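First the structure, in the form of structure tokens, and then the observations on it.
The values are calculated or read from the model by the stated rules, or taken from the named source; none is laboratory data. Here the structure is a predicted model, which means the values were calculated and not measured. Remember, those area values only see protein heavy atoms, side chains included, never the ligands or the DNA or RNA. Shrake-Rupley method; radii C 1.70, N 1.55, O 1.52, S 1.80 Å.
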Amino acid sequence: MKILVTNDDGILAEGLWILAKELKNVGHVVVVAPDREQSGIGAAITLKKPLRVQKVRPLVPEIEAYSVEGTPGDSVILALEKLVKDEIALVVSGINPGPNLGHDVLVSGTVGAALQGYLRGFPALAISVFLRETRLYLDDAAKVAALLAERIASNALPANIFLNVNLPDLPLAKIRGVKITRLVNEGHIDTVEEGHDGKREYYCLVPQKINKGKDRTTDVWAVQQGYISITPLHIYQDSRAALIADSFFTAGLGTDLFQELKKKGGQ
Ligand code: MN
């Protein structure tokens, strides 16, 4: 089984190589990752600019590794389309030092990379660990990723979901269990701080402290309570959004929209 490993923290990040090393026990690992830190870039792709790729010396022996002068999304697309010859069975993105919960998944490069795999029809998961000042349990997170990879290999993921995995700031021995969760309806990176460099004022977007969630179905609650959170993510490919829009229009808010457009066009 071929596993593509990527991240948004760059090809030299510790979390990437701890993950690659552990996944090597499960399958044949190929690392394709951005050449620099790209946290917060989401699923962005590079257009109108050539993408340079370099085969690099791996930090874990015998792993084929490429550094991409682009985003996490670019890395995944290049890997799937060009760099890796055989079919990839799984895309794993991480391990991100810091959680990706709630609205933050929409801007997370870690999740964005997994999303690019998912959008191309590949099983994919993103994995992040809660950030603790003293220690990050990256080895433990890598073990979780490896176990999930094994399970996905023998019992395929439904095609319409991918997984966002977050670990609490605890060693495996102290983790209370696994919860299948939904995204909390809040984000954690919307605090704006002001500064001054002596010449000009500037602003910084700063992550907020994550508050204790009360809703036991959410990702935040799970990690705060010492559980591993696994959130299935998907893009609605059914007509749910269309149905909602339909009732919105038939509620009278938009029934005469086209008539009004025609009138405007006729003016
Ligand atoms: Mn990151």
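Assorted remarks:
- Size of the chain as Cα extents on the principal axes (Å, biggest first): 71, 55, 43
- Share of carbon and sulfur in the accessible area of the stretch 32-78 stands at 51%, probe radius 1.4 Å.
- Based on C-alpha pairs under 8 angstrom that are at least 6 apart in sequence, the stretch 1-74 has a relative contact order of 36 percent.
- Accessible solvent surface per residue of the stretch 1-102, calculated while the other protein chains remain in place, 1.4 angstrom probe, Å²: 46 Å²
- Ligands, DNA and RNA are left out, and with a 1.4 angstrom probe the accessible area of the stretch 142-215 is 70 Å² per residue.
- Here's the thing: no lysines lie within a cross-link span of Lys264, going by alpha-carbon distance under 26 Å and ignoring same-chain residues fewer than 8 apart.
- Spatially proximal lysines relative to Lys174 (Cα-Cα < 30 Å; intrachain offsets below 8 disregarded): Lys21, Lys24, Lys143, Lys209, Lys212, Lys214
- Based on Cα contacts under 8 Å between residues 6+ apart, the chain shows a relative contact order of 17 percent.
- Couplings for the stretch 46-54, taken from phi via the Karplus curve 6.51 cos²θ - 1.76 cosθ + 1.60 with θ = phi - 60°, read 9, 10, 6, 8, x, 9, 8, 10, 10 Hz in order; Gly and Pro are left as x.
- Semi-axes of the equivalent ellipsoid for the stretch 94-167, computed as √(5λ) from the eigenvalues of its C-alpha gyration tensor and ordered from largest down, come to 21, 16, 8 Å.
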